[in-house]
1. Do you know which of the residues in segment 56-91 that are in contact (Cβ under 8 Å) with a residue 60 or more places away in the chain and out of contact with any helix residue (DSSP H, G or I) (no Cβ under 9 Å at 6 or more places or on another chain) is surrounded by the fewest Cβ atoms within 10 Å (Cβ to Cβ)?
2. Please determine, by comparing only the residues of segment 42-56 that are assigned to a loop (DSSP other than H, G, I, E, B) and touching a Lys or Arg at 6+ places or on another chain (Cβ under 7 Å), which one is farthest from residue 88 (Cα to Cα).
3. Testing residue 126 on (1) among the small types (Gly, Ala, Ser); (2) out of contact with any Phe, Trp or Tyr (no Cβ under 6 Å at 6 or more places or on another chain); (3) under 22 Å from residue 83 (Cβ atoms), one condition comes back false. Which one is that?
4. Exactly one condition in (1) modelled with pLDDT under 90; (2) over 20 Å from residue 212 (Cα atoms) is false for residue 41; which is it?
5. Looking at segment 175-201, which of its residues are more than 12 Å from residue 130 (Cβ to Cβ) and touching a helix residue (DSSP H, G or I) at 6+ places or on another chain (Cβ under 6 Å)?
6. Counting just the residues of segment 103-123 that are loosely packed, with under 13 Cβ neighbours inside 10 Å and not β-branched (Val, Ile, Thr), which one comes out nearest to residue 80 (Cα to Cα)?
7. Please specify each residue of segment 206-243 satisfying the condition of being touching a residue at least 60 places away in the same chain (Cβ under 8 Å), under 27 Å from residue 189 (Cα atoms) and not in a strand (DSSP E or B).
Amino acid sequence: MAILETQAIGKQYELGEHTVHALTGVDFAVEKGEFVAIMGASGSGKSTLLHLLGGLDKPSDGEVTLAGQRLSVLNDRQATLVRRHNVGFVFQFFNLLPTLTAEENVALPLIIDGQNLRKHQPRIDAMLELVGLADRRHHKPDQLSGGEQQRVSVARALVTEPSIVLADEPTGNLDSKTGKAIMELLRRSCDELGQTIVVVTHDPRAATYADRVVFLRDGQIIGDISCAHVHRAEQRLSMIMSAMETLQL
């Protein structure tokens, strides 16, 4: 069953006298518990698609259905609540509040939703443990490395048990070793927690952690390959690189 689905979504922007077609007629679906990577060159529409999937922006045409809710029929407040209760976001630049500790940043979605933190403390503790930061819970972002800050953002995305986690270039600001650790963490959350994940990335190695890789070019999906049956990372990488060569990406 699809937890997230689009029907012929498009997005246009007015740039002076010109209309820029960021996305055109995109049909896309993600099954519950699936890990999907979206790849494409800069300007291909990857981040635009992710923002539409998460309800951060509205399509110019077409429909996004998230956790059974058609976003086009919701007002802004309703859309905000659907997003808050169903989507966890991981961003390239971490987006942590500098005045809050790691634990407080993880708990932030619960605070915004007016939840009783004492009731949810076991979940907060479990997320800090999952990302390996239980002993750093009282540190503020400027006391954490870039990799640790991104781990905090992953824990924050997972703490509300969302229907889906959307990650926009989550390894983009990290060195290769730290980026590998973040992708392994997302893979674990999929395997151990049953989390559904969609990652936008330009890095073929990051995409090897996904069950499926979708390729974008000029705002359209031009390829879609399944890697779920391939267990070795080297073979997955070879499949992805071969697809990119065939698609001329």
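The values are calculated or read from the model by the stated rules, or taken from the named source; none is laboratory data. These numbers come from a predicted model, not from an experiment. A quick note on method: Cβ atoms are made from the backbone with ideal geometry, for glycine too, and the neighbour counts reach across all protein chains shown.
1. Filtering segment 56-91 for residues that are in contact (Cβ under 8 Å) with a residue 60 or more places away in the chain and out of contact with any helix residue (DSSP H, G or I) (no Cβ under 9 Å at 6 or more places or on another chain), the one surrounded by the fewest Cβ atoms within 10 Å (Cβ to Cβ) comes out as 85.
2. Ranking the candidates gives 44 first.
3. (3)
4. (2)
5. 178, 182, 183, 197, 200, 201
6. It comes out as 113.
7. Within segment 206-243, 206, 207, 209, 210, 211, 240 qualify.
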